[in-house]
Amino acid sequence: MTLRALLFSAALAAAWFLPAGNAVAESALQQTGALPRGGTYVIDPDSTIASAAIGLWFRVPGAGYDDSTPGIADLAATAAAVAPLASGKSLFALVHSVGGELNVEVYPDIVGIAIVVPASAARRVVAAITAAYYAPAVDDVAVKTARANAAVLGVQQRYEADATLHDLLFKQIFADGPAHYAPLPISVSQITSISTAQISAFAKRAFRSENSILALSGNVDASSLTAVTDGGGAGRMDPPYDSTLAAVPTSATASGLVGGIGLAWIGPPIADEKASSALDFIADYLFRDETGVVTRALDQSAGDASVVGQFITLHNPGVMVVTIGGDHADKVRDRILGALSALRTPLDVQTFNAAREAFLYHVASDTQTPQERADNLGWYGVEGNLGYAPGIIDGTYGRSVRALDPAYVADVVKQYLATPVVVNMQAKESSQ
């Protein structure tokens with residue numbers, strides 16, 4: 001999966017956040033249940049560490065409930081984080097005061113608020129994050145801050161080929177619905193045209209307690225749940241905000257401040273666990289930094305080409321995305337397509353078994369921190385299959401990976417990874 005993290009530190013900034021391998025490490029004491037005022041919780045405790053991760057995740061259409069206001073979810077989520085609470089201090093200010101970090105993660109169909117703090121502050125932060133979102137009090141000052149943050153992020157994204165190509169590929173694949181629109185518009189006029197009243201109304205509808213999953217990981221326990229004092233209590237989580245596929249997805253050419261090539265293939269839904277795991281495996285085998293077949297070959301070449309490839313696990317459908325930057329992008333594209341074509345023939349058993357074990361190791365090594373575990377539990381939960389997250393005891397992710405074999409993986413390549421949708425982004429001079 002790909003998580004777009006709008007990073008809050010001492011100053012507001014942004015970065016792409018990639019929870020490794022779409023998976024989380026197992027915990028022996030994981031608990032799930034219903035919050036008393038609406039919503040679901042999942043607790044993934046580890047008392048051996050000193051930090052706590054608190055994530056609050058919602059099903060939210062990023063472009064608004066009628067898809068007419070792209071960026072509204074980003075503005076609402078950010079404004080709620082910086083608006084003063086009853087104490088007079090905002091959620092962001094509280095997290096900053098205890099030395100923590102807050103990320104607002106906005107996608108076409110979901111929003112996640114991810115916080116890491118010292119364990120001693122966990123209960124206060126649980127109280128503050130649920131107050132900020134279950135009872136949002138968005139005002140003009142908070143919206144002004146959110147707009148300024150979005151404007152900075154929009155400029156930054158224009159220089160990030162990976163992020164821009166992601167959005168352009170989704171626009172080609174999905175004819176309408178939330179995924180057709182970039183979660184963060186780069187147009188300042190789009191950002192400023194959404195009023196405080198619209199943002200406030202959206203926040204109250206989107207961030208209802210019953211529309212949420214509260215994920216706690218690290219040095220946490222169930223006592224923190226008693227700190228939740230806000231929430232409506234009635235109702236259910238919204239159904240998933242799936243988008244409509246284009247009848248015949250077409251390739252496109254675009255211009256940007258940086259050049260690059262994006263490739264995308266429509267994949268299985270999250271409910272098809274074995275096929276989704278196979279695509280995760282393929283992405284790891286080919287594109288993992290330093291060890292992937294494609295990336296390792298590029299590292300040994302003389303150019304500066306870079307490749308990012310991953311299967312994005314979504315409710316329905318998932319999407320495999322590969323983005324290419326740097327020199328000789330056309331040649332790199334051909335290398336990628338050749339590597340995928342080669343996988344149509346099953347790997348020999350020895351090579352496959354070694355690659356599968358390496359993938360399982362990567363999953364474990366990349367999901368050791370509380371934030372990584374909480375993020376993945378929140379993501380899989382709101383996408384509709386919490387039990388598939390590998391951090392769930394007796395979950396199905398690990399079993400799905402173990403059930404893969406060379407012939408099945410080759411069949412998945414044939415079924416899903418034939419002709420890609422391609423976006424060629426050509427660099428132009430900045431007008432600024």
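Check each of the chymotrypsin sites (Phe, Trp or Tyr not before Pro) in region 247-309 and keep only those in coil by DSSP with at most 15 other C-beta atoms within 10 angstrom; list them in order. Filter output for region 247-309: empty list.
Put the Cα centre of region 83-103 next to the Cα centre of region 360-432 and the gap is 32 Å.
Does region 325-432 classify as rounded, prolate or oblate by the C-alpha gyration tensor (a ≥ b ≥ c root eigenvalues; a/c under 1.5 gives rounded; else a/b over b/c gives prolate, otherwise oblate)? Oblate shape, in that a/c is at least 1.5 and b/c is the bigger or equal ratio. With a Förster radius of 30 Å applied to the C-beta separation of Ala418 and Ala148, the computed FRET efficiency comes to 0.10.
If you fit an axis through the alpha-carbon atoms of helix 406-416 and take the longest principal axis of the Cα set of the chain, what angle between them do you get, 0 to 90°, nearest 10? On a 0 to 90 degree scale, this one is about 70.
Size descriptors for region 124-199: radius of gyration and Dmax over Cα atoms are 15.2, 43 Å. As a length-normalised measure over Cα pairs under 8 Å and 6 or more apart, the relative contact order of the chain settles at 24 percent. By the equivalent-ellipsoid construction on the alpha carbon gyration tensor, the chain comes out with semi-axes of 34, 26, 19 Å, ordered largest to smallest.
Pulled fully out, how much extra length does the chain show between Asp327 and Ala86, if you take 0.36 nm times their separation in residues and subtract their Cα-Cα distance?
81.4 nm
Computed over the chain with a Gaussian network model linking Cα atoms closer than 10 Å, the most mobile of Ala73, Ala34, Ala354 is Ala354. What FRET efficiency, computed as 1/(1 + (r/R0)^6) with R0 = 35 Å and r the Cβ-Cβ distance, is obtained for Ala227 and Asp394, rounded to the nearest 0.05? It comes to 0.75.
Computed over neighbours whose Cβ is under 10 Å from that of Ser243, the net charge equals -4, Lys and Arg +1, Asp and Glu -1. Between 0 and 90 degrees, the angle of helix 72-82 with respect to the longest Cα principal axis of the chain falls at about 50 degrees. For region 35-156, the Stokes-Einstein estimate of translational diffusion at 10 °C and a viscosity of 1.306 mPa s comes to 105 µm²/s, using the Kirkwood hydrodynamic radius over alpha-carbon pairs. Taking a point 7 Å out from the Cα of Ala271 in the direction of its Cβ, none of the residues of region 173-189 has a backbone N less than 14 Å from it. Our analysis of region 110-264 gives Rg over Rh at 1.02, with the two radii drawn from alpha carbon positions and Rh computed by the Kirkwood formula.
In terms of Cα atoms, the Rg and Dmax of region 290-329 work out to 12.5, 40 Å. For the chain, the longest principal axis of the Cα atoms and the long axis of helix 349-365 meet at an angle of about 20 degrees.
Please report the spacing between the Cα centers of region 190-229 and region 110-156 in Å, no decimals. With region 190-229 and region 110-156 each reduced to a Cα centre, they are spaced 9 Å. Students often get this wrong, so check it: of Lys171/Lys204; Lys171/Lys331; Lys89/Lys171, which have C-alpha atoms separated by over 31 Å? In this structure, Lys89/Lys171 exceed 31 Å between Cα atoms.
Note on Lys274: lysines with a C-alpha under 16 Å away, same-chain residues under 8 apart excluded, are Lys414. Computing FRET efficiency as 1/(1 + (r/R0)^6) for Ala201 and Tyr408, where r is the C-beta to C-beta distance and R0 is 30 Å, gives about 0.05.
Summing charges over all other residues whose Cβ lies under 9 Å from the Cβ of Val363, with Lys and Arg as +1 and Asp and Glu as -1, gives -3.
Full extension of the chain between Ser120 and Arg344 yields a length gain of 75.5 nm, computed as 0.36 nm times the residue separation minus the alpha carbon distance. The length gained by stretching the chain between Ser251 and Asn353 to full extension, at 0.36 nm per residue less their Cα-Cα distance, is 33.2 nm. Each Lys or Arg adds one and each Asp or Glu subtracts one; over the other residues with Cβ under 10 Å from the Cβ of Ile261, this totals 0. Only helices enter this figure: runs of n ≥ 4 DSSP H residues, each worth -39500 (n - 2.57), summed and divided by the residues of the chain, yield -11500 deg cm²/dmol at 222 nm to the nearest 500.
Here, each number is a calculation from the coordinates, and none is a lab measurement. It should be emphasised that the depicted structure is a prediction, and the values quoted were computed from it without experimental measurement. Here Cβ is always computed from backbone atoms with ideal geometry, including for glycine, and neighbour counts include all displayed protein chains.
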